[in-house]
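Below: the structure, in structure tokens.
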Amino acid sequence: MTAYPTSPLMGQMMDQPLLVSSVIAFAARHYGGNEIVSRRVEGDIHRYTYRDCELRARRMAQALTGLGVQMGDRVATLAWNGYRHMELYYAVSGSGAVLHTINPRLHPEQIAYIINHAEGQYLFFDMTFLPAIEAMARHCKTIKGYVAMCERAHMPLETSIPTLLCYEDLIATSSGQYAWPQFDERSAASLCYTSGTTGNPKGALYSHRSTVLHAYASAMPNALNVSAADTVLPVVPMFHVNAWGLPYSVPLSGAKMVFPGPALDGKSLYELFESEGVTFSAGVPTVWLGLVNHVLQNDLRFSSFRRTVIGGSACPPAMMDTLIDQLGVEVVHAWGMTEMSPLGTACTLMGRHKTLPAAEQRAVLRKQGHAIYGVDMKIVDDDGSELPWDGSTYGHLLVKGPWVVSGYFRGEGGDVLQDGWFPTGDVATIDADGYLQITDRSKDVIKSGGEWIGSIDLENVAMSHPAVLQAACIGVQHPKWSERPLLVVVKRPGADVTREELLAWFDDKVAKWWIPDDVVFTEALPMGGTGKIQKNKLRDIYHEHRLPTA
Ligand code: AMP
């Protein structure tokens with residue numbers, strides 16, 4: 001940790017640490033009657049207020065202390081978006097322990113690896129995951145007890161899980177005579193592992209300070225723009241980078257919160273959006289695919305939904321156009337990563353953009369956006385020299401800021417910073433107004449004849465074809481050019497397009513030498529645990545694909 005010099009004249013403001021517990025304490029005191037509504041694993045709807053949430057979080061914090069959980073101990077969760085998970089966000093971190101959210105969509109071996117690597121003490125889980133826990137419990141060496149997030153009546157009668165506790169029993173047997181402890185804001189608050197497409201996942205260990213600052217900054221109008229007038233439904237899971245900070249930024253803003261539980265299909269989401277009057281949501285493009293298709297196929301419209309943040313992978317322009325033009329939903333394209341808590345940029349227009357023709361405004365909105373205060377970024381060439389912000393020069397993207405990792409948990413990966421900057425592994429351009437556009441992950445760029453071809457651009461063009469549901473572009477070996485683009489496409493149900501028609505679609509939309517050499521049609525693309533297309537798997541599948549010789 002850097003030791004900064006102190007001034008002979010220090011400010012005279014209260015020295016109050018930025019602690020995660022202060023967020024829920026604020027919401028309970030100042031927006032105490034505002035609601036948190038959850039679709040439960042049991043299928044029913046549960047509703048209560050921020051006041052109830054904070055009290056139950058304190059009771060759970062008290063219970064954890066009773067179980068012997070100490071400051072810095074890791075407490076894991078395997079759970080959907082719901083009120084009990086929210087309580088744990090505050091109970092665990094608020095007590096000084098570290099909330100370790102685990103992505104249940106990861107391979108069981110990776111989950112066991114993560115739990116052991118984090119040396120978790122307790123594991124809380126939604127009943128959906130009971131069979132998974134039973135299968136993996138014997139591999140989890142450090143876990144002292146498992147807590148089923150349910151009432152006594154829903155506890156399994158027989159199970160192989162060694163020490164199984166009941167969530168509601170823990171709450172019921174705690175008095176709530178517990179005051180949130182105060183401690184150094186740089187203490188660890190939560191832990192989230194990267195998805196680890198190559199090698200083992202690595203842990204990003206967030207502090208209380210980084211979490212609160214990120215929540216503050218991400219709620220601002222240039223970013224997510226959350227206020228007490230909103231009703232927010234985070235589709236992005238609480239096990240994926242803390243649902244992009246929404247469990248903190250929503251109570252901090254006093255907005256009503258709606259949790260979808262495990263029901264993430266288009267129909268269930270649409271019903272909840274309508275019944276609870278959701279105004280704002282956030283998620284990866286794949287979930288919007290399901291929701292938008294459901295709405296269009298059934299000729300429905302949203303009555304309250306006004307704005308959504310889309311990130312995690314590039315928002316296809318066609319999806320953005322449908323949401324804005326057909327469904328009247330404003331789209332904020334955002335970029336970030338686990339190592340950045342996650343928010344880095346968000347795409348909203350500046351005042352002077354408002355006079356631009358609609359098509360030019362849309363071109364700005366398609367980018368991943370402008371840095372939010374707290375995040376600095378730059379693009380560099382292979383030698384580390386900074387590249388110009390001209391919107392066309394692309395380079396490796398580096399970032400820094402108080403909610404960007406300085407290294408991985410337990411030193412994995414060694415010294416990752418380059419002169420104090422974190423290398424994101426993304427390739428991007430930045431324009432003169434400071435808007436970032438991601439062209440690719442550096443390991444996904446297609447290197448053709450010494451030049452780079454950005455796969456995201458090609459995928460966006462393919463997905464603007466009416467017959468294309470999903471598209472991914474990968475580089476495959478080519479004797480002359482080293483690599484050439486291969487387009488892998490999933491067609492929309494009932495729609496048809498030929499290889500030749502699709503290739504002709506690229507004419508005049510990208511440089512001629514960028515046009516893919518071939519197209520293959522498939523039923524489904526391999527998706528990772530966080531809703532991203534697994535290009536490494538696609539490269540393995542099409543490793544020996546022979547491109548047609550021109
Ligand atoms: P994760 O840590 O799983 O959230 O993944 C972070 C990575 O997702 C980033 O480094 C990008 O490669 C990718 N990503 C996130 N948001 C976007 C976006 N809006 N457009 C393109 N790629 C994105």
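Mind pulling the angle between the C-alpha long axis of helix 83-94 and the longest principal axis of the chain? Nearest 10 degrees, somewhere in 0 to 90.
70 degrees
Relative to the longest principal axis of the C-alpha atoms of the chain, give the angle of the C-alpha long axis of helix 108-118, reported between 0 and 90° and rounded to the nearest 10°.
Once rounded, one gets 60 degrees.
Hey, if we sort Phe280, Phe183 by accessible area with the 1.4 Å probe, largest down, what's the order?
Per-residue accessible area, sorted high to low, gives Phe183, Phe280.
Using the alpha-carbon centroid of each, what span in Å lies between the stretch 413-435 and the stretch 376-400?
7 Å
Out of all DSSP beta bridges in the stretch 394-525, what portion is antiparallel? Express it as a percent rounded to 5.
Of those bridges, close to 85 percent are antiparallel.
Quick one: dipole size for the chain, taken about the Cα centre, charges +1 on Lys/Arg Cβ and -1 on Asp/Glu Cβ, in debye to the nearest 20.
Charge dipole, the chain, about its Cα centre: 820 debye, nearest 20.
How far, in nm, would the chain grow between Lys480 and Asp169 when pulled straight, counting 0.36 nm per residue and subtracting the alpha carbon separation?
Net length gain for the segment: 105.2 nm.
Would you tell me the accessible area of Ile45, worked out with a 1.4 angstrom probe on the heavy atoms of the protein chains, in Å² to the nearest 10?
Per-residue accessible area (Ile45): approximately 80 Å².
How big is the antiparallel share of DSSP beta bridges in the chain, given as a percent to the nearest 5?
Of all bridge pairs located within the chain, approximately 55 percent are antiparallel.
Accessible surface of Thr338 in the full protein assembly, 1.4 angstrom probe, to the nearest 10 Å²?
Accessible surface of Thr338 is approximately 20 Å².
Starting from the 7 Å offset along Cα-to-Cβ, what nm value, one decimal, do you get for the label separation of Arg539 and Ala3?
Placing both labels 7 Å beyond Cα along the Cβ direction yields 4.4 nm.
Over the chain, calculate the relative contact order: mean separation of alpha carbon pairs under 8 Å at least 6 apart, over the residue count, as a percent.
Once divided by the residue count of the chain, the mean separation gives 10 percent.
Run the numbers for His46 and Ser385: contour at 0.36 nm per residue of separation, minus the present Cα-Cα distance, in nm. Don't skip to the end; give the middle numbers.
Values: separation 339, 0.36 × 339 = 122.04 nm, distance 5.41 nm.
Full-extension gain reported as 116.6 nm.
Less than 15 Å apart at the alpha-carbon level, and either on another chain or at least 8 residues along: which aspartates and glutamates does that give for Lys400?
Correct list for Lys400: Glu339, Asp376, Glu386, Asp415, Asp419, Asp426.
Counting only the heavy atoms of the protein chains, how much of Tyr270 is accessible to a 1.4 Å probe, in Å² to the nearest 10?
So the heavy atoms of Tyr270 present about 30 Å² to solvent.
Hey, with R₀ at 56 Å, roughly what FRET efficiency would Gln182 and Gln297 work out to, going by the Cβ-Cβ distance, to 0.05? Write out the running numbers ahead of the final one.
On the way: r = 53 Å, r/R0 = 0.94.
Efficiency, rounded to the nearest 0.05: 0.60.
In nm, give the distance between the simple-model label positions of Arg352 and Gln70, each being 7 Å from the Cα along the Cα-to-Cβ direction.
Label at Arg352, label at Gln70, 5.8 nm between them.
For Ala495 and Glu523, calculate 0.36 nm times their separation in residues minus their Cα-Cα distance, and state this gained length in nm to one decimal.
Values: separation 28, 0.36 × 28 = 10.08 nm, distance 1.28 nm.
Taking 0.36 nm per residue and subtracting the Cα distance, the gain is 8.8 nm.
Going down the table (Lys141/Lys443; Lys447/Lys509; Lys267/Lys443; Lys202/Lys532; Lys447/Lys532), which pairs top 28 Å between alpha carbons?
Pairs exceeding 28 Å: Lys141/Lys443; Lys267/Lys443.
Take the Cα of Thr393, step 7 Å along the line toward its Cβ, and report every residue of the stretch 422-449 whose backbone nitrogen sits under 13 Å from that point.
Residues 429-432 fall inside that zone.
Could you please put Arg51, Arg362 in sequence from largest to smallest accessible area, using a 1.4 Å probe?
Largest accessible area first, the list is Arg51, Arg362.
Starting with the highest mean, order 372-383, 286-297 by the number of other Cβ atoms within 10 Å, averaged over the residues of each peptide.
286-297, 372-383
Heavy atoms only, probe 1.4 Å: what % of the accessible area of the chain goes to carbon and sulfur, would you let me know?
52 percent
For the chain, report the accessible area per residue in Å² (1.4 Å probe, heavy atoms, rounded to an integer).
So the chain comes to 43 Å² accessible per residue, rounded to a whole number.
Compactness ratio of the chain: Cα Rg over 2.2 N^0.38 Å, N = residue count?
Values: Rg = 23.7 Å, N = 550, 2.2 N^0.38 = 24.2 Å.
After normalising by residue count via 2.2 N^0.38 Å, the value is 0.98.
With just the Cα atoms defining each centre, how far is the stretch 248-273 from the stretch 465-533? Give it in Å.
34 Å
What distance in nm lies between label points placed 7 Å from Cα along the C-beta direction at Asp376 and Val416?
2.0 nm
The values are calculated or read from the model by the stated rules, or taken from the named source; none is laboratory data. Note that the structure is a prediction, hence the values are computed from the model and not measured. Glycine also receives a Cβ, built like all others from the backbone with ideal geometry; neighbour counts cover every protein chain displayed. Remember, those area values only see protein heavy atoms, side chains included, never the ligands or the DNA or RNA. Shrake-Rupley method; radii C 1.70, N 1.55, O 1.52, S 1.80 Å.
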